[in-house]
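Scroll down for the structure; my scribbles are underneath it.
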Amino acid sequence: MTVDHLRRVAAPGDRSPNITRGISMKPVYCVAALMTVALLSGCGASRINASQLDYDNGVAYKHGSTEPFTGIVHFDEPPTVAEQVVLTLHDPAPLYANMVRVPMDNCDVAFQKGVIEGHVACFRRDGGKALSFDLHHDRLDGEAVEYDKDGGKAFDFHWSDGALQGDQAVYSHDGKHVVHEWHVDNGHKRGKEVRRYSNGDELAEGTWSDEGKFTGTLFVPDDAAIYTFKDGVKDGDFKQLDTQDPSLKRVAVEGSYRNGQKDGMWTFHGKEAMGHAGHQFASTPHSPGLIDLMAVPQGDSATVTWKDGVLSGPVKILDKDQHVLLAFAMANGEVMAPIVRTDPASGQSFTLSGDAAIRVINAADVRGSSMPDPSCLGPMLRQQTPGGVTYVFNDYCNVSYSRIHLSDLRSATIHHLLDPVKFPDAPSDEVLSRAEVDAQAASTPGHANPLQTPPPVTGLNFCVDDWLRSSYKGGDVIATPDQIDAWKQACDQGKHPSNQGG
């Protein structure tokens, strides 16, 4: 998202309304520290330069005086505390990190009885206002305003005892429009929240209930996305903005939610369409093959279909002229035959429908375990016990080899599907089936008594085997039926020992 157009759209207050962390104004205990730490300006009976102050245990005294100083202290350079307050106003919106700000040149800081208390005013070199705020007992309290180069408001926030409280506003670069406004009550957003483009056009608008549930459209800067909520649940249209578009009005992704789940057709536009579409598969058990399948040359847009949070329905990839390059259907998160690949230039198309090829594309983690495997160990069934199944560990290298071989065959299948000119030869169903059998046999525990040899528990993903291997601490391993069921459930949820600390 371009800072030039969103730095005022992505306003503070998106994560936590209490954003005074890091600016606790503790008394400074030496002259050098106080001269570099930003101090605040305010009203007082006296006005002196910071060079005229002495300090004793953090309390400021005017040279030669025994009374703690009360009045205004002028700092010829902006103190650090003022910079901290500016960052606090911009926080927590990360887009403000590179914001071009009006440079502060000097500040007036209020002291009471030798400590910072009251109003702070900072100015530009030409005398124009740059920043004003108030501190009370080391906390932001009252109105805090940062000004733009023309003296108009850029940020106008209200605080109470270090926390946002009341009406908050962020302005456009020219100061003509409020691009983000919301209200905070006791640390929580309440009432209307509105986002606008720099020209004043509406971007998103909705209302926070007394229970903290949002209804309406909500812009989320971290995602550059607009969600629709009903009573705090995603329900309705979704749009993700193209951050490469200076106007921020071009849509990169659009779809919808129903009762918190992705539902219906989702469309991906533009140069990054295939990457965005591939990410839709990232949480599915079959993500490796599906993500590879979306990398169609000349792909310019894509559509996928969700039903109650599961990929089910047509998937299409199109070129810039809206010709279909690749089409298939999904059911319950798996690719269904046939997969049709078309070359619009020649009008030629071919179909991939072999059962083995489809199974390999759908297979999860056929490459093998990402678990450390220095000793090349693997499970081998030893005996049935009343409490479960006792395993010992034996050579596992043939399993790793079989998985890698199967993974290479899948890659060859997908390469041929996506670019048949460059990769004219695809593995046959016979070759794929043989590789499946080899991989399955390598991962299936063997035993003299077939009645004591359980059926494979993992199919082509080997995830349960990896959970079993991760539990190996030497000697035999007892895997109860309940434990195996728990591992199966974890695998179905995309959990693996390598990403769960197993």
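What follows is calculated from the coordinates using simple rules that are stated; it is not laboratory data. Keep in mind the model is a prediction, meaning the values are calculated, not measured. Virtual Cβ from ideal backbone geometry, glycine too; neighbours counted across all protein chains shown.
Modelled spin labels at Asp482 and Glu430, positioned 7 Å past Cα toward Cβ, are 5.0 nm from each other.
Given axes a ≥ b ≥ c from the Cα gyration tensor, I'd like to know whether the range 299-359 is rounded (a/c under 1.5), prolate (a/b larger than b/c) or oblate. Display every interim value, and only then the final one.
Numbers: a/c = 3.73, a/b = 1.30, b/c = 2.88.
Oblate, since a/c reaches 1.5 and b/c is not below a/b.
Distance between the C-alpha centres of the range 195-219 and the range 41-90: 41 Å, rounded to the whole angstrom.
Start at zero, step by 10 Å, and the Cα-Cα distances of the range 131-214 spread as 19, 41, 33, 7, 0 percent across the bins. Using the Karplus relation 6.51 cos²θ - 1.76 cosθ + 1.60 with θ = phi - 60°, the per-residue 3J(HN,Hα) values for the range 334-350 come to 10, 6, 10, 6, x, 9, 10, 10, 10, 9, x, 5, 9, x, 7, 8, 9 Hz, with x marking Gly and Pro. The lysines within cross-link reach of Lys320, meaning a Cα-to-Cα straight distance under 18 Å and a gap of 8 or more places when in the same chain, are Lys271.
A 18 angstrom limit on the alpha carbon distance is what I want to check against. Which of Lys262/Lys307; Lys239/Lys262; Lys234/Lys262; Lys262/Lys495; Lys153/Lys192 exceed it?
On the way: Lys262/Lys307 7 Å; Lys239/Lys262 12 Å; Lys234/Lys262 9 Å; Lys262/Lys495 21 Å; Lys153/Lys192 21 Å.
Those over the limit are Lys262/Lys495; Lys153/Lys192.
Coupling constants for the range 75-90 follow from the phi torsions by the Karplus curve (6.51 cos²θ - 1.76 cosθ + 1.60, θ = phi - 60°), and in residue order they are 9, 6, 10, x, x, 4, 4, 5, 5, 5, 5, 4, 4, 5, 5, 7 Hz; glycine and proline get x. Under a straight-distance cross-link criterion of Cα-Cα below 21 Å, which lysines are reachable from Lys149, leaving out those fewer than 8 residues away in the same chain? Straight-line reach from Lys149, under 21 Å: Lys129, Lys176. Partners of Lys113 within straight-line reach, counting lysines whose Cα lies under 24 Å from its Cα and excluding those fewer than 8 residues away in the same chain: Lys26, Lys62.
Couplings for the range 165-173, taken from phi via the Karplus curve 6.51 cos²θ - 1.76 cosθ + 1.60 with θ = phi - 60°, read 8, x, 7, 10, 8, 10, 10, 5, 4 Hz in order; Gly and Pro are left as x. Annotation: extensible slack from Lys113 through His74 equals 12.4 nm (criterion: 0.36 nm per residue apart, minus Cα-Cα distance).
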